[in-house]
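Structure first, then comments.
The values are calculated or read from the model by the stated rules, or taken from the named source; none is laboratory data. Predicted model, so just to flag it, every value in this text is computed and none were measured. Counting neighbours? That spans all protein chains shown, and the Cβs are built from the backbone with ideal geometry, glycine included. All accessible areas refer to the heavy atoms of the entire protein, side chains included, with ligands and DNA or RNA removed. Shrake-Rupley method; radii C 1.70, N 1.55, O 1.52, S 1.80 Å.
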Amino acid sequence: MSSTGHARTAAIAIGAATVTVLGALFVADGESSASPPTEPKVQDTFDSLGAEVRSAELSDGRTAHYSDTGNKHGKPVLFIGGTGTSARASHMTDFFRTTREDLGLRLISVERNGFGDTAYDKNLGKADYAKDTLEVLDRLGVDDVSVIAISGGGPYAAELAAKAPGRISQLHLAAALPPVGPRPEYCGLSDDALTAAVKDQIKDPRTWWAFPDDSPVKSIPGFADTAYEEGARTYNQRGQQADPAPQVHEQRLYCERPGPDLSGLDAPVYLYGGKKDTTVPPATLKTWQDALPGKEKVRTYADSGHDVQYRHWDQILVDLAGHGDRTVICKGRTTRVLAAGEADRLLAKGKATLGSCAWKKK
């Protein structure tokens, strides 16, 4: 007889009161009438795997590709990635997605000529990108937009600001290449020489997206692999097999002078620079200031190089949300967003560090 059967027999021998108790526990061999385990929970909606790339037919018959992620009723932000990025590059900032969502920011990104899903046309320039972007924004019902441009996205942001200054509510430039001032050194190279300089880099996203060993981005879980996937998408998505022509074309556009006239821009401007940046050196901040019409808020960071846009993405998000008078700090084990003066006092006393406490959890 099974142990269950022994228990049932014993219960019958003791009396009715005990039979009632054990009857609740034992019905028959191998069966139990105890309360069932708690029902497992399965979510009712999908979690996002990152920005979805969509397409839109433009007025001239071409097709634009763009991403649109975040609350559709949130504050629209146009994300212009660096050179060699696709419409999905904003996904590389999702390590602070919770903060972005809490701040109610909606990220929109329009892909540039020849990258990712977008066909290459050697006749298109920065002004065409500005026109395409405005068409996409119109389609999305976005009138005014804040702009965040990273690295090689700087010249395109300037073109957009010159073409439609009234639609720019804020302009944020992070380690952004200016379209004014001295031309990049490579501008003297022939197309063949420039092709030779970039072709091996873009074939291997691990080389294109290499960061120094001491870069803060190394502490972001999955960042490197996300960057490599972005590089692979940019140069191979349409089967173009890392054709260097679009990259060479874009870098030629960076050589164009004079840059666009930004005198009509009447919007707050934020400049971010890393003091260790050798790609877009800190001196370029002054170049931007000379080209812009108003008083810009400049944030420079000794802990950053050409990764300042990621290391201080938390501050950029806060600025984009309209809290430019506050500073993100880590005090103890808690991230705070304090009035700038109060944050400066804590930083000066060594009682806080810049940015989210996530940066300290390596």
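Just a few scattered comments:
- Our estimate of slack between His73 and Ala193, defined as 0.36 nm per intervening residue step minus the Cα-Cα distance, is 38.5 nm.
- Accessible area (Å², per residue) of region 70-176, counting only protein heavy atoms and a probe of 1.4 Å: 31
- Percent RCO, i.e. relative contact order, over the chain, from Cα pairs under 8 Å lying at least 6 residues apart: 14
- Rounded to the nearest 0.05, the FRET efficiency derived from the C-beta distance between Ser219 and Arg54 at R0 = 35 Å is 0.60.
- Net charge over other residues, Cβ less than 12 angstrom from the Cβ of Arg54 (K, R count +1; D, E count -1): -3
- In the elastic network of the chain, a GNM with C-alpha springs shorter than 10 Å, the most mobile of Ala340, Ala130, Ala174 is Ala340.
- About the centre of its Cα atoms, the chain shows a dipole size close to 1260 debye [charges on the beta carbon of Lys, Arg (+1) and Asp, Glu (-1) only; nearest 20 debye].
- Greater than 27 Å apart at Cα, pairs in Lys75/Lys218; Lys276/Lys349; Lys275/Lys349; Lys126/Lys286; Lys75/Lys295: Lys75/Lys218
- Rough spin-label spacing in nm, given labels placed 7 Å along Cα→Cβ, for Asn236 and Thr45: 3.4
- Of the solvent-accessible surface of region 43-82, computed with a 1.4 Å probe and all protein chains present, 47% belongs to carbon and sulfur.
- Around Asp261: net Lys/Arg minus Asp/Glu count, Cβ-Cβ under 12 Å: 0
- R0 of 51 Å, Cβ-Cβ distance Asp261-Ser35: FRET efficiency to nearest 0.05: 0.10
- Amide H within-cut-off set for Leu58, under 5 Å, with H built and near neighbours excluded: Thr63, Ala64
- For Ser304, nonlocal amide neighbours, meaning residues 5 or more places apart or on other chains whose placed amide H falls under 5 Å from its own, are Lys275, Lys276.
- Under the convention that each Lys and Arg Cβ holds +1 and each Asp and Glu Cβ holds -1, the size of the dipole of region 66-118 around its Cα centre is about 120 debye.
- Stretch gain in nm, segment Lys275-Asp138, where the contour uses 0.36 nm per residue and the Cα spacing is subtracted: 45.5 nm
- Each Lys and Arg Cβ is given +1 and each Asp and Glu Cβ -1; about its Cα centre, region 117-194 then shows a dipole of about 240 debye.
- Tilt relative to the chain, helix 154-163 - C-alpha long axis, 0 to 90 degrees, to 10: 70
- Share of carbon and sulfur in the accessible area of region 276-362 stands at 50%, probe radius 1.4 Å.
- Heavy-atom surface analysis with a 1.4 Å probe gives region 92-162 a carbon and sulfur content of 40 percent of its accessible area.
- Calculated mean projected area of the Cα convex hull in nm² (choose from [x] 19.7; [y] 27.9; [z] 17.7), label: [y]
- Remark: region 206-294 carries 50 Å² of accessible area per residue (probe radius 1.4 Å; ligands, DNA and RNA excluded).
- When the Cα positions of Pro36, Ala242, Leu354 are compared along the charge dipole of the chain, Leu354 comes out farthest toward the positive end, with charges on each C-beta of Lys, Arg, Asp and Glu.
- DSSP assigns beta bridges within the chain; of those with both partners inside it, close to 45 percent run antiparallel.
- Set of aspartates and glutamates near Lys41 by C-alpha distance (under 17 Å), chain-local residues within fewer than 8 positions excluded: none
- Distance in nm between pseudo-label sites at Lys331 and Lys349 (7 Å out along the Cβ direction from Cα): 0.9
- Nonlocal amide H pairs with Leu338, under 5 Å, H built at 1.01 Å: Thr327, Ile329
- For the set Asp261, Asp303, solvent exposure ranked by accessible area (probe 1.4 Å, protein chains only) runs largest to smallest as Asp261, Asp303.
- Count Lys and Arg as plus one, Asp and Glu as minus one, and take only other residues whose Cβ is under 12 Å from that of Asp132; the net charge is then -2.
- Applying the criteria of a DSSP loop state and at most 16 other Cβ atoms within 10 Å to the trypsin sites (Lys or Arg not before Pro) of region 238-341 yields Arg238, Lys275, Lys295, Arg333.
- Here's the picture: charge each Lys and Arg Cβ at +1 and each Asp and Glu Cβ at -1 in the chain, and of Ala232, Gly70, Gly341 the one pushed furthest to the positive end of that dipole is Gly341.
- Choice from Arg54, Arg62, Arg100 with maximal GNM fluctuation in the chain (Cα, 10 Å cutoff): Arg62
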